[in-house]
Amino acid sequence: MGSIKADSSPLAPQGDQLQVLLDIATEAALSAGAVLQSYWGELREIEDKGKPDNIVTEADKAAEVEVLRVLERHVPDHQILAEESGSLGNAESPFLWAIDPLDGTTNFAHQYPFSAVSVGLLFQGEPLVGVIFDPFHNELFRAATGLGASCNRRPIQVSQTRQLERSLLVTGFAYDRRETVDNNYAEFCHFTHLTQGVRRGGSASIDLAYVACGRLDGYWERGLAPWDMAAGVVLVREAGGLVSAYDGGVLELGTGRILASNRHLHQLMSVELGKVRPLTQNFPFEP
Ligand code: IPD
Ligand code: CA
Ligand code: CA
């Protein structure tokens, strides 16, 4: 596998160069996934990240070390933003890897098999490559801009659902949910009323991958980090879906807020989110 020079071109990589980056992301996700599997049911260290509902385990850390090892070998001059290590690498590089070594830590710690490694690559701030590996269902989701999206090497597409009342959606709740009225509870109730159901998977990256492959029709969430979204954004786009801000505007990973859908439901979901938003802003909150 060739190595990629960080500043070799001001243009986004395409063709063979993009394929190499996709293969690097795949290698990182698969080898970190094997690390996660080795810790399954064997966890000895679970630490609080300040609060008892926000935890980190030895598996998170070991899987991240594995991703970093692969990136160091292939792309030592790229930037990295990894959940457990923070910012690393060359801050001047136009390439930024956004890594969640274990997305779904709470699930993992409870041996609820719904977690993944999420490896995203941004070029000049724009998501370019996304690989999400769920080692518990042995599903490898891959996408790169212009190259399409796949699950276990078979092409995937978003669903064709056009009505909210026929849709199955998914969302999640951030770790600050007890401290803010903007905690997504009202939105969850609202969409539960309008749809066939709203799932709370507990792994934002798998939620996005499932929208990409049509198992779910739409997803929204707030309070996310770039490493939760970067890979999944490429998957949904390449599978024919849309990702945006809640109001349909350009997605900004730094806001932590995302609306993703099969495209057909996008405007409907955006309008409904807009109806709930003023309610949550005025809702009196007493912990
Ligand atoms: C969490 C999961 C969850 C989402 C949270 C995330 P973690 O990531 O993706 O589904 O609702 O907001 O923080 O902590 O398991 O990596
Ligand atoms: Ca996460
Ligand atoms: Ca994580």
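The values are calculated or read from the model by the stated rules, or taken from the named source; none is laboratory data. For clarity, every value in this text was computed on a predicted model and none was experimentally measured. In this analysis, Cβ positions are derived from the backbone assuming ideal geometry, glycine residues included, and neighbour counts consider all displayed protein chains. The protein model used for the area step is the full one, side chains on, heavy atoms only, and it has no ligands, DNA or RNA in it. Shrake-Rupley method; radii C 1.70, N 1.55, O 1.52, S 1.80 Å.
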Original post:
Any chance the stretch 173-190 includes a residue that's in contact with a His (Cβ under 9 Å, 6 or more places away or on another chain), away from ligand 2 (no atom under 16 Å from the Cβ) and more than 22 Å from Lys51 (Cβ to Cβ)?
Top reply: no
Original post:
If you check Gly120 against the conditions, is it touching a Phe, Trp or Tyr at 6+ places or on another chain (Cβ under 8 Å) and within 16 Å of ligand 2 (Cβ to nearest atom)?
Top reply: yes
Original post:
Can you find even one residue in the stretch 80-100 that is in contact with a Ser or Thr (Cβ under 6 Å, 6 or more places away or on another chain) and under 20 Å from Gly256 (Cα atoms)?
Top reply: yes
**OP:** With respect to Ile80, determine if the residue is modelled with pLDDT under 95 and surrounded by 14 or more Cβ atoms within 10 Å (Cβ to Cβ).
**Re:** no
Original post:
Going by the structure shown, is Asp53 within 16 Å of ligand 1 (Cβ to nearest atom), open to solvent by less than 20 Å² (accessible area, probe 1.4 Å) and under 25 Å from Ala174 (Cα atoms)?
Top reply: no
Subject >> In the stretch 103-126, the residues that are in a loop (DSSP other than H, G, I, E, B), more than 11 Å from ligand 3 (Cβ to nearest atom) and touching a residue at least 12 places away in the same chain (Cβ under 8 Å) >> reply: Gln111, Tyr112, Pro113, Phe114, Gln124, Gly125
Original post:
Are any residues in the stretch 222-253 within 11 Å of ligand 2 (Cβ to nearest atom) and at positive phi, and if so, which ones?
Top reply: Gly223
Original post:
Looking only at residues in the stretch 75-115 that are among the acidic types (Asp, Glu) and more than 15 Å from ligand 2 (Cβ to nearest atom), which one is farthest from Pro226 (Cα to Cα)?
Top reply: Asp77
Original post:
Are there any pairs, at least 6 apart or on different chains, whose C-beta atoms fall under 7 Å, with the first in the stretch 179-191 and buried (at least 19 other Cβ atoms within 10 Å of the Cβ) and the second aliphatic (A, V, I, L, M) and not in a loop (DSSP other than H, G, I, E, B), and if so, which?
Top reply: Glu187/Leu273; Glu187/Val276; Phe191/Leu169; Phe191/Val198
Original post:
Just a yes or no: is a residue in the stretch 194-202 polar (S, T, N, Q) and over 17 Å from the mean Cα position of the chain (by Cα)?
Top reply: yes
**OP:** Any residue in the stretch 193-220 that's hydroxyl-bearing (Ser, Thr, Tyr): show its pairings with residues that are surrounded by fewer than 21 Cβ atoms within 10 Å (Cβ to Cβ) at Cβ separation under 6 Å, as long as the two are six or more apart or on different chains.
**Re:** Thr195/Leu164; Ser203/Phe114
Subject >> Answer residue from the stretch 225-242, given it is among the hydrophobic types (A, V, I, L, M, F, W, C) and open to solvent by 20 Å² or more (accessible area, probe 1.4 Å) and is nearest to ligand 1 (Cβ to nearest atom) among those >> reply: Trp227
Subject >> Hits in the stretch 71-89 - residues which are within 20 Å of Lys49 (Cα to Cα) and within 15 Å of ligand 3 (Cβ to nearest atom) >> reply: Leu81, Ala82, Glu83, Glu84, Ser85, Gly86
**OP:** Determine whether Glu92 is open to solvent by 30 Å² or more (accessible area, probe 1.4 Å), within 9 Å of ligand 3 (Cβ to nearest atom) and in a loop (DSSP other than H, G, I, E, B).
**Re:** no
